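Engineer: Provided herewith is a single structure, encoded as structure tokens, for subsequent inquiry.
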Amino acid sequence: MNYSALLIGIIPLLIFVLVDTFAGLKVALISTVAMALLEGVFSFYYFGEIDSVTIFSLFSVVLFCYISFRKKDPLFIKLQPAILSLVMGLVLIISFSIHEPLLLNLATKYKELYPPEFQLQFANPHFLKLLEISTFSMGLGLLAHALVTALAAFKLSNWWWLAVRGVGFYFFVGLSLVIQKSFI
């Protein structure tokens, strides 16, 4: 597995914290936008397309950097990951609630892209139920991540906020996977 893909979303925010520490807010925001754009180019080159989550993330980084720049306040860019998690969490929970579980639908739509031995799982009703329940539990995990990241944006230093945002994301995703077992 290519673990570098797991770091993609955090790189512009790491650049923000590093540059803000040494060069100030204005340079940090410009660097963050530049890095987000490079990340979009990398995604297009590496995956052959830019998916809607990457587009939303890129747009929100640019928007929140702009607001932070205009207001001369880093709070807005620090809220970007919380808002991204909030929106994604709500989308997952709503899709589950209307009986169109997004994770199941996407996995089914792109199953031809998986290795043949993995494609066999789509004949297993337990696997399909797992994807359906994962849509709900992952939505809950993302909502929890949004709340904790927003609190960190208001209360903690840039470095602690980055730690909460980065490690917290994987913690809440992992927790949502543990929680889903209680639903099955």
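Computed from the coordinates by the stated procedures, all read-outs in this text should not be read as laboratory data. Note that the coordinates shown come from a computational prediction; the quantities given were computed from them, not determined experimentally. All Cβ positions, even for glycine, are placed from backbone atoms using ideal geometry, and neighbour counts span all protein chains on display.
Engineer: In debye, nearest 20: dipole of the chain around its Cα centre with unit charges on the Cβ of K, R (+) and D, E (-)?
Structural biologist: Computed charge dipole of the chain: roughly 580 debye.
Engineer: For the chain, restrict the atom set to alpha-carbon positions and state the Rg and Dmax in Å.
Structural biologist: 17.7, 55
Engineer: What distance in nm lies between label points placed 7 Å from Cα along the C-beta direction at PHE22 and TRP159?
Structural biologist: It is 1.4 nm.
Engineer: What whole-number distance in Å separates the alpha-carbon centres of region 56-79 and region 115-145?
Structural biologist: 33
Engineer: Whole-Hz Karplus ³J(HN,Hα) for region 66-75, in order, using 6.51 cos²θ - 1.76 cosθ + 1.60 and θ = phi - 60°, x for Gly and Pro?
Structural biologist: Values, residue by residue: 4, 5, 4, 5, 5, 8, 6, 9, x, 4 Hz.
Engineer: Could you work out the local net charge near SER43, counting Lys and Arg as +1, Asp and Glu as -1, over the other residues with Cβ closer than 13 Å to its Cβ?
Structural biologist: Summing Lys and Arg as +1 and Asp and Glu as -1 gives -3.
Engineer: If you don't mind, another one. ³J(HN,Hα) across region 165-179 via Karplus (A = 6.51, B = -1.76, C = 1.60, θ = phi - 60°), whole Hz, x for Gly/Pro?
Structural biologist: Per residue, the Karplus-derived 3J(HN,Hα) values read 5, x, 5, x, 4, 5, 4, 6, 5, x, 4, 5, 5, 5, 4 Hz.
Engineer: If you take the charge dipole of region 72-184 about its Cα centre, with +1 on Lys and Arg Cβ and -1 on Asp and Glu Cβ, which of THR135, PHE76, HIS145 is farthest toward its positive end?
Structural biologist: PHE76
Engineer: A further question on this structure: I'd like to know which of LEU177, PHE154, SER60 lies farthest towards the positive end of the charge dipole of the chain, counting +1 on Cβ of Lys and Arg and -1 on Cβ of Asp and Glu.
Structural biologist: Checking the options against the dipole of the chain, the answer is PHE154.
Engineer: Using the 10 angstrom Cβ neighbour count as an exposure proxy, how do ILE98, ILE55 rank, fewest first?
Structural biologist: ILE98, ILE55
Engineer: If you keep only loop residues by DSSP, which trypsin sites (Lys or Arg not before Pro) in region 1-87 have at most 15 other Cβ atoms within 10 Å of their Cβ?
Structural biologist: Passing sites in region 1-87 are LYS72.
Engineer: Report, in deg cm²/dmol and to the nearest 500, the calculated mean residue ellipticity at 222 nm for the chain, where each DSSP H run with n ≥ 4 adds -39500 (n - 2.57) and the sum is divided by the residue count.
Structural biologist: Using -39500 (n - 2.57) per qualifying helix, the result is -27500 deg cm²/dmol.
Engineer: Which aspartates and glutamates, on any chain, are close to LYS26 with Cα under 16 Å apart, when same-chain ones fewer than 8 places away are left out?
Structural biologist: Straight-distance partners of LYS26: ASP73.
Engineer: Using Cα positions and a limit of under 21 Å, work out the lysines in reach of LYS111, with same-chain residues fewer than 8 apart set aside.
Structural biologist: Cα-Cα hits under 21 Å: LYS129.
Engineer: Apply the Karplus curve 6.51 cos²θ - 1.76 cosθ + 1.60, θ = phi - 60°, to the phi angles in region 119-132 and return the couplings in whole Hz, x for Gly and Pro.
Structural biologist: 4, 4, 4, 5, 8, 9, x, 5, 5, 5, 5, 4, 5, 5
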